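**Q** Structure below; questions to follow.
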Amino acid sequence: MKQYLVIGLGNFGATVVRELSRLGCRVTAVDRDRDKVQLMKDVASVVAIVGNAANHEFVARLQVPNFDGVLVSTGEDSHASILITMYLKELSAQAIIVKANSVDHAKILTKVGATQTVIPEQQMAAKVAHSLAQPNMIDFLPLASNFVVAELKPAPHLVGRRLRDSHIRAEYQVQVIAVRKAPSDRLIFVPDGDYVIQASDVLFVLGLESDIVRMRG
């Protein structure tokens with residue numbers, strides 16, 4: 001069973017703790033606020049601790065190398081998140097994911113040791129903007145180098161065609177990695193070239209965002 005350490009139990013941190021628990025992981029949850037810690041007491045496979053992770057000695061006692069990853073979510077306290085990230089790096093944490101408040105904050109966190117930074121508001125805003133500008137794009141996940149994984153309703157010119165005849169990969173440089181069938185929500189992973197695209201399908205595609213936009217027509 002994987003084990004994670006979550007520092008900071010605001011809305012974001014607490015949601016991550018509950019989701020990790022739901023996924024069968026063990027979690028050690030830390031916050032300075034006793035009331036926030038108390039809310040975690042009844043969550044399965046969670047050990048909740050009151051403590052100040054901006055204190056090096058306290059963090060050292062947590063034995064951070066034993067965790068598969070650490071999430072730092074200290075809200076608006078940018079100074080604390082930077083300090084905690086630096087301590088975790090010094091203590092050889094395996095992976096350090098930190099909630100950042102801005103792009104500049106994320107850059108600093110990366111320099112002091114964060115292996116990944118997350119700006120939830122910015123990423124959610126980008127998803128909302130895409131859903132408004134591209135109505136048949138259901139969701140998208142940004143990856144490195146401008147690549148994204150997107151959920152798309154098939155454009156009308158693709159419906160009824162076999163994947164191999166759709167020329168999606170050759171014409172758009174986009175790969176269909178899965179199809180979700182409605183209404184059952186059954187997933188078909190890596191469909192073969194004979195698969196016929198249906199109007200009710202949801203296509204999971206991988207490619208450059210610009211190519212995916214071009215493909216959706």
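**Q** Could you sort 101-108, 10-17 so that the peptide with the highest average Cβ count within 10 Å comes first and the rest follow in order?
**A** 10-17, 101-108
**Q** Determine the dipole magnitude for the stretch 18-62: charges of +1 sit on the beta-carbon of Lys and Arg, -1 on that of Asp and Glu, nothing else is charged, the reference point is the Cα centre, and the result goes in debye to the nearest 20.
**A** 100 debye
**Q** Also: Report the extension gain between Asp33 and Val50 in nm, rounded to one decimal, defined as 0.36 nm multiplied by the number of residues separating them, less their alpha carbon distance.
**A** Gain in length upon complete extension: 5.4 nm.
**Q** Give me the angle, in degrees from 0 to 90, between the Cα long axis of helix 78-90 and the longest principal axis of the Cα atoms of the chain, rounded to the nearest 10.
**A** Helix 78-90 sits at roughly 90 degrees to that axis.
**Q** Can you tell which of Val16, Gln38, Ala182 lies farthest toward the positive end of the dipole of the chain, using +1 and -1 charges on the Cβ of basic and acidic side chains (Lys, Arg; Asp, Glu)?
**A** Towards the positive end, the residue furthest out is Ala182.
**Q** Let me ask something else about it. Grab the beta carbon distance between Ser184 and Asn66, set R0 = 35 Å, and tell me the FRET efficiency rounded to 0.05.
**A** Efficiency computed from Cβ-Cβ geometry: 0.25.
**Q** Oh, and also: Per-residue counts of other Cβ atoms within 10 Å, averaged by peptide: what ranking do you get for 199-207, 81-89, highest first?
**A** 81-89, 199-207
**Q** Stretch Phe147-Phe58 to full length: gain in nm at 0.36 nm per residue minus the Cα-Cα span?
**A** Between Phe147 and Phe58, full extension yields 28.1 nm more.
**Q** Once you sort the root eigenvalues of the Cα gyration tensor of the stretch 1-131 as a ≥ b ≥ c, which label holds: rounded (a/c under 1.5), prolate (a/b larger than b/c) or oblate (the other case)?
**A** Oblate shape, in that a/c is at least 1.5 and b/c is the bigger or equal ratio.
**Q** So, one more: Report, in deg cm²/dmol and to the nearest 500, the calculated mean residue ellipticity at 222 nm for the chain, where each DSSP H run with n ≥ 4 adds -39500 (n - 2.57) and the sum is divided by the residue count.
**A** After summing the helix terms and dividing by residue count, I get -9500 deg cm²/dmol.
**Q** Tilt of helix 11-22 relative to the longest C-alpha principal axis of the chain, in degrees (0 to 90, nearest 10)?
**A** So the helix axis and the longest Cα principal axis differ by about 70 degrees.
**Q** May I ask which of Lys2/Lys41; Lys2/Lys99; Lys41/Lys89; Lys36/Lys99; Lys2/Lys107; Lys41/Lys107 have a Cα-Cα span longer than 25 Å here? If you can, show how the numbers build up before the last one.
**A** Details: Lys2/Lys41 19 Å; Lys2/Lys99 21 Å; Lys41/Lys89 28 Å; Lys36/Lys99 18 Å; Lys2/Lys107 28 Å; Lys41/Lys107 34 Å.
Beyond 25 Å between Cα atoms: Lys41/Lys89; Lys2/Lys107; Lys41/Lys107.
**Q** Let me ask you something else. Can you give the local net charge around Asn101? Use residues other than it whose beta-carbon is closer than 11 angstrom to its beta-carbon, Lys and Arg +1, Asp and Glu -1. Intermediate results must be reported in sequence, preceding the final value.
**A** On the way: positive: Lys99; negative: Glu76, Asp77, Asp104, Glu121.
Spelling it out: positives minus negatives among the neighbours equals -3.
**Q** Measure off 7 Å from each Cα along the Cα-to-Cβ vector at Ser78 and Arg164, then give the distance between these two points in nanometres to one decimal.
**A** According to this spin-label approximation, the distance is 5.5 nm.
**Q** Report, in debye and to the nearest 20, how large the dipole of the stretch 3-118 comes out about its Cα centre when Lys and Arg carry +1 and Asp and Glu carry -1 on their Cβ.
**A** Charge dipole, the stretch 3-118, about its Cα centre: 160 debye, nearest 20.
**Q** Now a separate question. Helix 103-112: angle to the longest alpha-carbon principal axis of the chain, degrees 0 to 90, nearest 10?
**A** 60 degrees
Each reported figure results from applying straightforward, stated rules to the coordinates on display, with no laboratory input. This is a predicted model, so every value here is computed, not measured. Cβ coordinates were reconstructed from backbone atoms using ideal geometry, including for glycine residues, and neighbour counts include every protein chain displayed.
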